[in-house]
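Worksheet: one structure, shown below.
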Amino acid sequence: MPRYIIDLPFKLAFGAGKLKDVGDEVASYGKKVFIVIDPYLRGSDTENQIQDNLKRNGLDYITFDDISPNPRCWVVDRGADMCKAEACDVVLAIGGGSTIDTAKAIAITSVNGEDSWLYTSRVDEYVAEIKNPALPLIAIPTTSGTGTETTPYSVLNNPEVHSKATIVSDYCFPKVSIVDPELMVSMPPMITALTGIDAFAHALEAYTSTISTPFIDMVALEAIRLFAENIKECCNNGSNIEARENMAWASTLGGIAIARCTTTLPHALGQALAGLTDAPHGGSIACCIGRCIEWALPNGEEKFAKIAQIFDPSLASASVSERAAALPEILDKLWLEILNQNVTMSTYGLKEDQIEELAYIAYSTLYGGIKVFPRVASKSELVELIKKCM
Ligand SMILES: NC(=O)c1ccc[n+]([C@@H]2O[C@H](COP(=O)([O-])OP(=O)(O)OC[C@H]3O[C@@H](n4cnc5c(N)ncnc54)[C@H](O)[C@@H]3O)[C@@H](O)[C@H]2O)c1
Ligand SMILES: [Fe+2]
């Protein structure tokens, strides 16, 4: 048995109706709350419920909702200035991954001083040190995909350099995450599908990474099983709370799997694609994960075979190689079914003359992930792989 450490410094409250605990949790950390809220929730019953709950706990608050998918670094900087000017001492984030990542970066930037982009990891570029502990963060996800409620990452987009990059710091961990599947029922089928693909990709990438541990394998396999059994039901019948609960748990487990293990090649390509084209995160992964697996085989065969069999138990009698080779097609078919189209990098607007740039961005922003995928891509191999994803 290999030696490893499990070190996950957050409290997790999981289950339908858990939102009601928000005031108690926030009150343990501060008096003036900087609420970062997904714009789709403005004026909703959920927002009213949170405000009432905070007031009942004697908390003062101000609200920030200037969030977009693929969150912009300058929006974080505006939020950080406001948070500091208002002397907030705790941050509460409710929304999709973009909202929670914005809040994580605000919690760091407001007490550190540099522009948020400078805290993101980028090879061969200046990266600012995070000297002061972030403001405490309470995170409440409303999508089941990113698992950001359990990760030390905040992914930001800088349109000036056409790139997405990640703040990697334990200060990104929320103090408390409240995962309430009732908040996910309102996701339309397309957002359900795109975010679900992300949760699955986290689990697959962590499980097949060369630095996985038995703990990560266990967590990731359970996330994959829950995804395989529930994603179609969540897309077709979004009010099924049991299926939503299962997908929420898959997403949280996916986050736990990548928290100490990183995402790998599909995320390196997908994240770079989103930086260049603003593709939705789940779509940017869907259009390359099958090609990445095909390209890696026969490396990592055992684990890819195991995943294929979770989706299609009838493969049990096939050889390991046959099962592993079946996985890309299984995924392509599933994406077609839940996204209603075959997605490629071209679908999201990537042009032939951007391929080299995409390879460069993937390399400089997520090389740590590229090098732990079962087959390690050189820059020229990345270019060839991207062509296959077109
Ligand atoms: N920090 C991490 O560990 C981590 C991991 C994976 C992805 N990410 C990042 O997270 C971002 C993607 O987050 P996401 O996939 O959750 O999407 P998102 O936050 O961008 O939200 C997508 C859309 O769904 C809407 N929405 C959210 N919840 C809803 C609900 N319950 N009902 C109806 N509409 C709802 C939002 O308003 C938005 O328009 C990307 O930037 C990605 O890079 C971060
Ligand atoms: Fe992701």
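Structure data summary
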item: Listed residue pairs exceeding 32 Å between alpha carbons, taken from Lys131/Lys387; Lys131/Lys303; Lys11/Lys131; Lys131/Lys371; Lys232/Lys387; Lys303/Lys387; result: Lys131/Lys387; Lys131/Lys303
item: Rough spin-label spacing in nm, given labels placed 7 Å along Cα→Cβ, for Val123 and Asp52; result: 5.3 nm
item: Restricting segment 70-146 to chymotrypsin sites (Phe, Trp or Tyr not before Pro) in coil, as DSSP defines it, with at most 16 other Cβ within 10 Å; result: Tyr126
item: 15 Å cut-off, amide nitrogen to a point 7 angstrom out along Asp115 Cα→Cβ, residues in segment 76-103; result: 76-81
item: Gained length - Phe215 relative to Ala87, 0.36 nm times residue gap less alpha-carbon distance; result: 42.0 nm
item: Full-extension gain in nm, Ser378 to Ser321, via 0.36 nm per residue minus C-alpha separation; result: 18.1 nm
item: Relative contact order (percent, whole number), the chain, Cα cutoff 8 Å, 6+ residue spacing; result: 15 percent
item: Computed log₁₀ I(q)/I(0) - Debye formula, equal Cα scatterers, no solvent, segment 20-96, q 0.13, 0.19, 0.24, 0.28 Å⁻¹; result: -0.37, -0.79, -1.16, -1.37
item: Label-point separation in nm, Ile241 to Ile5, each point 7 Å along Cα→Cβ; result: 4.0 nm
item: Integer Hz, Karplus 6.51/-1.76/1.60 couplings in order for segment 140-156, x for Gly and Pro; result: 10, x, 10, 10, 10, x, 6, x, 4, 5, 10, 10, x, 10, 9, 9, 10
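Read-outs: derived from the displayed coordinates by stated rules, not from any lab. Owing to the predicted nature of the structure, the values given are computational and were not obtained by experimental measurement. Here the Cβ is made from the backbone with ideal geometry for all residues, glycine too, and neighbour counts use every protein chain on show.
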